[in-house]
Each structure stands twice: as C-alpha cells, then as structure tokens.
Amino acid sequence: MGLEAKLMSDGFLTTTIDALVGWARESSVWPMPMGISCCGIEMMAVAGPKYDIARFGSEVMRFTPRQCDVMLVAGTVTYKMSHVVKKIYDQMPDPKWVIAMGVCTSTGGMYRSYSVVQGIDHFLPVDIYLAGCPPRPDNLLNALMLIQDKIKNTKAREFQNIPLLEPVKVNGN
Amino acid sequence: MEIKDKIVPLLQEQFPETNFEVTDFRGDLKIKFDASLIVPVGNFLKQHDELKFNMCEDVTAVDWATKKKRFTIIYHIYSLENKFRLRLACDVEENHPHIESVVPVWKSANWYERETYDMYGIKFDNHPDLRRMYMPEEYEYYPLRKEYPLMGIPGDLTLPKK
Amino acid sequence: MEKLTKDDVHPSIVKALLDQETNITFEDALENEMILNMGPQHPATHGVLRVLLRLDGETIVAAVPDLGYLHRGYEKMAENMSFYEFIPHTDRLDYISPPANNTAFCLAVEKLYGIEAPLRAQYIRMIMTELARITSHLVAVGSLAMDVGALTVFLWCLREREKVLNSYDIICGARFTTSYTRIGGVAADMPDEAIVIIKDFIAQFEEKLDEAERLLNTNRIFVERLEGVGVISGEEAINMGLTGPNLRGSGIDHDLRRANPYMLYDQMDFKVPVYNEGDSLARYFVRADELRESCKIILQCLDKMPKGEIMLNSPKKVLPRKTEIYTKMEELIHDFMIVNFGVKPPVGDIYSAVENPKGELGFYIVSKGEGHPWKMKIRSPSFCNLQSLGGLIKGHMISDVVAIIGSLDPVMGEADK
Ligand code: SF4
C-alpha cells in the first residue's frame with residue numbers, strides 16, 4: 001500500500017509542520033561553493049558527471065551567498081581570506097550550515113605556518129568536519145547526507161530566536 | 001667555445017675594475033659581484049649580441065643570519081637563444097638593506113622584487129610600485145627572515161569576530 | 001558583494017590603480033569613472049584571485065591584481081622540514097597537476113645530491129608528468145569554455161579527467177594528491193592494471209577530444225569571444241616572463257623539454273605546438289594540441305619502458321626498501337636516520353626547472369649541508385604568468401576579463417605559495 005493508495009482512499013495525510021518543512025529543506029540543500037584551493041577541485045569533481053551531486057538535490061551551485069543554504073568551505077583559509085569567508089557567511093540567509101571540507105579547513109592540517117588559520121572554527125560555527133586531504137568525493141557526498149539528516153531533524157522553532165545581525169555601517173555616505 | 005666559458009671573460013672585459021666571483025656547482029654557473037653594479041651588468045648581459053639574456057626568471061634573497069653581509073640577492077636569468085641559465089648574486093647589508101631595481105632592464109622583475117620585499121624587507125630603489133605582494137599592507141614583519149618564527153607572532157594578523 | 005567601502009580596499013592599492021597611465025581617450029563617454037572589485041570569491045577567477053578594475057563605462061582603464069589570499073607560507077615551512085617531508089607539499093602547489101610537481105621537486109633534490117633515478121623510474125615519472133599535463137589542460141580548456149558560456153565541454157573534460165584520476169588511484173592510492181615520487185625513484189611500481197587503464201584511456205581519448213573540439217572550434221560565440229582578445233606580442237611576452245603554453249601562444253618556440261632536456265625527453269618524438277597570434281584563442285589552441293602530443297609521449301614511454309628497479313640502490317642517500325627494513329639491522333638504522341634527520345647534501349645552491357603544464361616550475365635550493373634546505377625558493381609559473389594580466393585586460397570590456405584569466409590559466413595555489 002503506497003502513498004497514492006492512502007491518498008486515494010482518505011484524501012489527506014497527517015504530519016507535523018516540522019516533518020514537512022524538514023523534508024522539503026533537506027532535499028534541496030543549495031551549496032555555496034567556497035572553493036579556495038585543492039579541495040575546491042575535488043568539489044568540482046563532485047559536481048561532475050561521475051559523482052553527480054544532482055542525485056542529492058544539491059546541483060544548484062550558486063556563487064551568490066543570498067541563494068544558499070550550506071557553505072562548503074573547501075580549501076586552506078588564510079588570515080587574509082578569513083575576512084572574506086566571514087563576510088560571505090554573514091550574507092547567507094538563515095538557516096545556514098557550514099561544512100569544513102578537508103583537514104586544513106578543519107584544523108590547519110599540514111600547514112602549520114604563520115599565515116594559515118588553524119581551523120575555521122576560530123571564526124565560524126562549523127557543522128561538519130570532513131577529514132581527508134582532500135576528502136574523496138564519496139566522502140563529501142556522505143557529509144552532505146549527514147547535513148540532510150541534521151536538517152531533517154531540526155525543529156522549525158529552533159530558528160525563532162536567532163539574533164538579527166548588526167546593521168552594517170557604510171562609512172562616508 | 002661554449003657559451004658558459006664566454007660569459008665571464010666578456011664581463012671582465014667590460015668591467016675591468018670589478019671582482020667577479022664565479023662558482024660552478026652541479027653545472028649551474030653563479031657570478032657574484034658588487035651590489036652597486038647590478039643594473040649595468042644586467043644591461044650588458046641583456047644587450048650583448050651573443051649572450052642575450054632576455055628573460056628574468058626569478059629574483060629572490062637568501063638570509064644568512066649573519067652580522068655582516070646578511071642578505072644575498074639572487075637573480076636567475078635565461079637566454080632563450082643560447083638556452084642557458086645564469087645566476088647573479090649580490091650581497092647587501094643588514095641595516096637598511098637596499099639594491100637598485102632591475103625593472104628597467106627586465107620588466108618581469110617587477111613582481112619578483114615585490115615578493116622579495118614582502119618576504120625579506122629589502123628595498124628596491126626606483127621600483128615603480130613597491131608594495132607587499134602576499135601579506136596585508138599593514139603587516140609589520142618580514143616572514144622569511146630567519147628570526148621570524150614559523151607560527152608567526154601571536155596577534156600580528158587579525159581574525160574576524162566570531 | 002556588498003558595497004565596497006574604503007576599508008575594503010587598501011589605499012595603496014587604490015593609489016596603484018589610479019596612478020596607471022592610460023592612453024585611452026573617450027570623446028563622449030560618461031565623465032565619471034568607477035572602481036569595481038572582482039574576487040577573491042568569484043566563479044571565474046580560478047580560485048582566490050582578486051582584481052581591482054578601474055572602469056570608464058564598461059571599458060577597463062586600469063587593473064591591479066591583488067594576490068595573497070592563499071599564501072600558505074611554503075617557503076618558510078620548507079626551511080623547517082626535511083626534503084622528504086616536503087614532497088606531499090609539492091602536490092598542493094599546482095593542485096591540478098600534482099605528479100608533475102612531485103617530479104620537479106625530486107629532480108631538484110636529486111640534482112643537489114648528485115644522484116639519478118633508475119631508468120624505469122624515469123619512464124614512470126614521464127608517464128605521470130604527461131598524464132598530469134593532460135588533466136591540467138583538460139581543466140584549463142574546460143573552465144575556459146565554461147567561463148565564456150559553454151558548459152557542456154566543461155562536463156566532458158571533467159569526465160575525461162576522471163578516467164586519468166582512476167589510473168592515479170590504482171598507481172598510488174590517491175585520486176589527485178599523489179605524492180608519488182621519492183628522492184631517487186618512485187614510491188611503488190606501476191602495476192599492469194594501471195597500464196591497461198592508461199592505454200584504454202588514450203585509445204578513446206583522441207575521439208573524445210575531436211568531439212569537444214568540434215563543439216568549440218566551430219562555435220561562433222566561443223571563437224568571437226576569444227579571437228583578438230588579450231593579445232600579447234612575442235617580445236612583450238618574454239619581457240613579462242611568460243612561460244609555458246602562454247609563451248608558445250605568442251609565437252616563441254620555447255619548451256624546456258626541448259631546450260634543456262631532463263629525464264628522457266630528448267629520446268621522445270613530439271612536436272611543440274606554437275601559434276603566432278598571441279591572443280586567447282591561440283593559447284587555447286596550444287593547449288588543445290599539447291593534449292595530443294602528451295598522448296604520443298605516453299605511448300612511446302609505455303613502449304620503451306624496461307623492467308627493473310624503481311628506486312636507486314644507494315643506502316645512505318635514499319630510503320631503503322621496506323622489505324629490507326624489516327629484516328636487516330643496517331637498513332633499519334639508515335631508514336631511521338633518513339626519516340628523522342634527512343640526508344646531508346653537499347654545501348651549495350642549485351636551481352632546477354622543468355616544463356610544467358602551466359610553464360616553468362623551478363626550485364632554487366640553498367643547502368648548508370643539513371638535512372633540510374637553508375632556503376628554498378619556488379619559481380611558480382602561475383605567479384609569473386599572472387603578472388601580465390594587468391596589461392592584457394587594459395582596454396577590454398568587463399566580460400573579456402574572465403576570458404583572459406581563463407586563457408592564462410593561473411592556479412592560485414602556486415601563484416600565492
Ligand atoms: S585539505 Fe589538503 S587537499 Fe584540501 S585544501 Fe587542504 S591541503 Fe588542499
């Protein structure tokens with residue numbers, strides 16, 4: 001007895017709003033591809049024909065943060081770049097999630113040097129740390145599925161009390 | 001006569017007063033001379049009909065961490081015609097390290113010199129646009145100097161607020 | 001991007017932008033100029049390149065590239081680790097062609113030590129380098145096509161690239177950060193299975209390449225967006241220090257594989273494609289032709305490759321074989337010493353350069369007779385190629401900028417080091 005049969009006989013379904021919203025959200029997670037270095041290439045491979053991220057409803061890679069739900073930080077974040085990453089993160093609409101792809105995004109990895117931020121959690125909230133240098137595409141897909149799980153189980157009311165961002169002051173005019 | 005054997009006699013002929021220190025290690029020819037002569041020597045090597053070192057491949061410095069002659073500036077130049085690479089070297093002192101810019105000779109040296117300035121703090125006189133290459137403009141240190149620690153100095157670079 | 005404030009652009013960059021002289025005049029263009037920020041997060045800048053453009057209407061009057069968003073401090077790190085430890089780092093320099101960088105670095109260190117890898121290892125290295133060239137040019141052609149609006153070719157190129165990565169996977173167990181070479185040889189022998197995959201790939205590649213070329217070369221939009229855009233003359237290209245396909249697109253026949261042959265390139269039969277136009281289209285043609293030449297080289301290598309050792313047998317200079325470490329005392333000690341303290345090279349400095357897919361990749365190593373370099377300078381081709389960007393885009397439209405960056409094919413990993 002499938003869904004159709006049920007609908008045919010009764011005409012309606014009962015569910016919770018959370019389940020419905022969660023289901024809708026989880027199957028269209030649009031990533032913000034923050035491809036900074038080598039991991040960005042692997043991210044391209046995920047979008048390519050072999051691994052095909054479209055199977056998970058995430059093929060819409062938009063380079064504008066306004067349309068995205070999850071930020072894929074793929075690559076070494078340096079101090080100079082960190083301000084840009086943060087600025088882009090701030091521009092994404094809530095609710096939003098972050099995947100730290102690769103070891104050097106997560107912890108600094110093999111770059112113990114003066115210019116590399118030792119893990120982006122110093123300035124961003126991170127949902128998933130993805131190990132590997134670079135993580136294989138399958139692993140990235142796994143991370144995406146984990147995010148989908150997380151999104152599915154998030155209650156809508158958890159987003160009610162998110163403090164609004166401080167208005168940005170523009171100097172001079 | 002091979003091109004390698006020609007360079008030094010030609011240079012010596014042109015600049016009789018100067019002392020050219022020549023080393024040949026693993027087939028790489030290196031010529032070391034006084035820092036004040038870099039532009040005339042460069043011009044000569046580029047414009048000489050036979051040598052024609054028309055491509056500057058790299059400019060960098062070495063920090064020897066010594067009191068005297070702390071830095072050596074290294075130039076790699078290449079002659080497309082002779083398919084030969086030459087290394088020039090000039091010593092500079094620790095306080096106020098500076099050398100004449102070779103941008104008038106080889107245009108491509110522009111960014112290499114900026115990089116060297118960024119990493120070692122060596123000033124290139126008469127450089128058209130001497131700014132930092134990689135590090136932020138406000139940055140106060142020169143990372144590739146030997147006294148600078150690998151992990152940087154805490155607080156020298158800022159992170160965005162959480 | 002939100003509105004650019006004065007805080008976002010450092011005054012010195014603005015000054016550099018405004019100081020540039022221009023000889024472009026506009027009789028009836030609007031009076032006011034505009035400064036536009038492009039990057040570092042932009043789909044067409046191939047990573048984290050930032051370019052500040054000074055515009056008059058839609059024409060670019062001046063441009064200043066701003067680098068350093070991916071400056072990871074390689075040269076400083078190299079001074080703090082042994083030569084062996086640095087091999088994985090070379091993967092991440094030009095991260096589209098890691099085996100080529102591995103080879104370049106090992107050749108440099110071998111030059112310093114005065115050793116040479118055995119014959120089979122050299123052939124394997126050449127095969128890997130050429131495979132790397134294929135992947136790199138595929139990404140270059142594909143993303144150039146994507147930048148000017150032809151998405152299909154990009155996906156096709158990625159599909160072909162996956163096939164090469166499959167062979168990497170079997171040869172060294174990683175998809176693209178291979179770390180495959182060792183000082184004095186390669187890490188593991190090339191299995192027959194991988195050879196079959198490579199042969200299969202090459203057998204069908206020509207056809208796929210023709211297919212892609214048919215789609216591009218006869219595509220009016222593609223050709224018109226590239227033809228005559230970003231022209232650089234041969235002389236100017238030498239002055240700006242261009243190398244690799246970008247130099248050969250300007251009519252200068254210079255390829256280090258020919259000029260100063262390393263490994264066994266002097267025994268190979270291949271053409272060096274040269275185009276005289278010097279525009280973006282010519283640079284694309286050079287890359288497309290090099291793809292074919294690389295296939296030729298690989299086939300020749302596979303034919304000639306002898307059986308035999310893949311690692312030099314020189315106990316105090318290179319790592320001993322794993323099987324011997326487990327059974328013999330002396331080898332165990334050597335292994336311990338080499339891994340912990342590195343091998344002591346003679347005092348001196350060397351520069352070794354190879355022809356990478358992007359251009360000339362050189363390593364300048366100063367040794368003080370210690371297990372780690374006293375100084376290591378990486379001469380990266382992308383950095384030098386990018387230098388010409390400001391001059392190339394001057395006088396063009398905004399939409400040409402992406403085409404020009406795409407045709408220069410920079411990789412920020414090595415441009416920023
Ligand atoms: S984790 Fe490894 S592959 Fe990924 S960006 Fe960092 S160094 Fe590159």
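Cβ-Cβ distances below 6 Å connect the following pairs, each with a first residue in segment C:172-188 that is part of a strand (DSSP E or B), a second residue that is modelled with pLDDT under 85 and more than 15 Å from the ligand (Cβ to nearest atom), and a separation of six or more residues or different chains: C:G185/C:I310; C:G185/C:M311; C:G185/C:L312; C:V186/C:I310. Just one of (1) surrounded by fewer than 21 Cβ atoms within 10 Å (Cβ to Cβ); (2) touching an Asp or Glu at 6+ places or on another chain (Cβ under 9 Å); (3) at the interface with chain C (Cβ under 8 Å from one of its Cβ atoms) fails for A:T78. It is (1).
Among what's in segment C:57-85 and is small (G, A, S) and away from the ligand (no atom under 16 Å from the Cβ), pick the residue that is surrounded by the fewest Cβ atoms within 10 Å (Cβ to Cβ). Quick ask: steps written out before the conclusion?
First, pick out the residues of segment C:57-85 that are small (G, A, S): C:57, C:62-63, C:68, C:73, C:78, C:82.
Narrowing the set further to residues that are away from the ligand (no atom under 16 Å from the Cβ) leaves C:57, C:62-63, C:68, C:82.
Values: C:G57: 15, C:A62: 23, C:A63: 22, C:G68: 25, C:S82: 18.
So, considering only residues that are small (G, A, S) and away from the ligand (no atom under 16 Å from the Cβ), the one surrounded by the fewest Cβ atoms within 10 Å (Cβ to Cβ) is C:G57.
Right, C:R258: within 24 Å of C:F383 (Cβ to Cβ) and either small (G, A, S) or within 10 Å of chain B (Cβ to nearest Cβ) (or both) or not? So C:R258 passes the test.
Can you say whether B:T60 is polar (S, T, N, Q), surrounded by 22 or more Cβ atoms within 10 Å (Cβ to Cβ) and facing another protein chain (nearest Cβ under 10 Å), as far as the supplied structure shows? Break it down into steps so the answer makes sense when it comes.
Numbers: polar (S, T, N, Q): yes; surrounded by 22 or more Cβ atoms within 10 Å (Cβ to Cβ): yes; facing another protein chain (nearest Cβ under 10 Å): yes.
Here the answer is yes, as B:T60 does meet what is asked.
Checking each residue in segment C:75-105 for being in contact with a Phe, Trp or Tyr (Cβ under 9 Å, 6 or more places away or on another chain) and hydrophobic (A, V, I, L, M, F, W, C) picks out C:M77, C:A78, C:F83, C:F86, C:I87, C:L93, C:I96, C:A104, C:F105.
Return the total of residues in segment A:46-70 being touching a Lys or Arg at 6+ places or on another chain (Cβ under 8 Å), within 11 Å of chain C (Cβ to nearest Cβ) and buried (at least 19 other Cβ atoms within 10 Å of the Cβ).
If we filter segment A:46-70 for residues that are touching a Lys or Arg at 6+ places or on another chain (Cβ under 8 Å), which is where we start, we get A:48-50, A:68-70.
Those left that are additionally within 11 Å of chain C (Cβ to nearest Cβ): A:48-50.
If we keep only those that are buried (at least 19 other Cβ atoms within 10 Å of the Cβ) too, we end up with A:48.
Qualifying residue count for the region: 1.
For (1) touching a Pro at 6+ places or on another chain (Cβ under 7 Å); (2) farther than 22 Å from C:C384 by Cβ; (3) surrounded by fewer than 19 Cβ atoms within 10 Å (Cβ to Cβ), each residue gets a yes or a no:
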| position | (1), (2), (3) |
| --- | --- |
| B:E13 | no, yes, yes |
| B:E17 | no, yes, yes |
| B:R26 | no, yes, yes |
| B:S36 | no, yes, yes |
| B:L51 | no, no, no |
| B:C56 | no, no, no |
| B:K68 | no, yes, yes |
| B:F71 | yes, yes, no |
| B:K83 | no, no, yes |
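Selection of segment B:123-143 for residues being over 19 Å from C:G241 (Cβ atoms) and surrounded by fewer than 22 Cβ atoms within 10 Å (Cβ to Cβ) yields B:K123, B:D125, B:N126, B:R132, B:P136, B:E137, B:E138, B:Y139, B:E140, B:Y141, B:Y142. Of all residues in segment A:66-78, those that are more than 9 Å from the ligand (Cβ to nearest atom) have Cβ atoms under 8 Å from Cβ atoms of residues that are basic (K, R), 6 or more apart or on another chain, in A:C68/A:R62; A:C68/A:K96; A:D69/A:R25; A:D69/A:K96; A:V70/A:K96; A:M71/A:K96; A:T78/C:R72. Of all residues in segment A:80-105, those that are within 18 Å of A:T154 (Cα to Cα) and within 12 Å of the ligand (Cβ to nearest atom) total 0. Looking across C:L215, C:L242, C:L226, C:L247, one residue alone is surrounded by fewer than 16 Cβ atoms within 10 Å (Cβ to Cβ), in contact with a helix residue (DSSP H, G or I) (Cβ under 7 Å, 6 or more places away or on another chain) and within 30 Å of C:M146 (Cα to Cα). It is C:L215. Selection of segment A:122-155 for residues being in a loop (DSSP other than H, G, I, E, B), within 12 Å of the ligand (Cβ to nearest atom) and under 16 Å from the mean Cα position of the chain (by Cα) yields A:A131, A:P135. Residues that are away from the ligand (no atom under 16 Å from the Cβ) and farther than 19 Å from C:E414 by Cα: does segment C:86-100 have at least one? Among the residues of segment C:86-100, not one is away from the ligand (no atom under 16 Å from the Cβ) and farther than 19 Å from C:E414 by Cα, which makes the answer no. Pairing each residue of segment C:193-207 that is assigned by TED's automatic domain parsing to the domain that holds C:C157 with any residue that is of a type in the set (D, E, K, R), provided the two are 6+ apart or on different chains, yields C-beta distances under 6 Å for C:F201/C:K163. Among the residues of segment B:24-48, those identified as over 19 Å from B:P97 (Cβ atoms) and among the basic types (K, R) are B:R26, B:K30, B:K46. Would you be able to say whether some residue in segment A:128-149 is over 30 Å from C:N166 (Cβ atoms), surrounded by 14 or more Cβ atoms within 10 Å (Cβ to Cβ) and either within 12 Å of another protein chain (Cβ to nearest Cβ) or modelled with pLDDT of 85 or more (or both)? Within segment A:128-149, not a single residue is over 30 Å from C:N166 (Cβ atoms), surrounded by 14 or more Cβ atoms within 10 Å (Cβ to Cβ) and either within 12 Å of another protein chain (Cβ to nearest Cβ) or modelled with pLDDT of 85 or more (or both).
The criterion of at least 2 residues that are within 14 Å of chain A (Cβ to nearest Cβ) and under 25 Å from C:N246 (Cα atoms) is met by the following helices (runs of 4 or more DSSP H) wholly inside segment C:31-137: C:83-91, C:98-113. Here A:K87 passes the criteria (1) within 12 Å of the chain's Cα centre (by Cα); (2) at the interface with another protein chain (Cβ under 9 Å from one of its Cβ atoms) except the one numbered (1).
The values are calculated or read from the model by the stated rules, or taken from the named source; none is laboratory data. For clarity, every value in this text was computed on a predicted model and none was experimentally measured. Note that we place each Cβ from the backbone using ideal geometry, even for glycine, and neighbour counts take in every protein chain shown.
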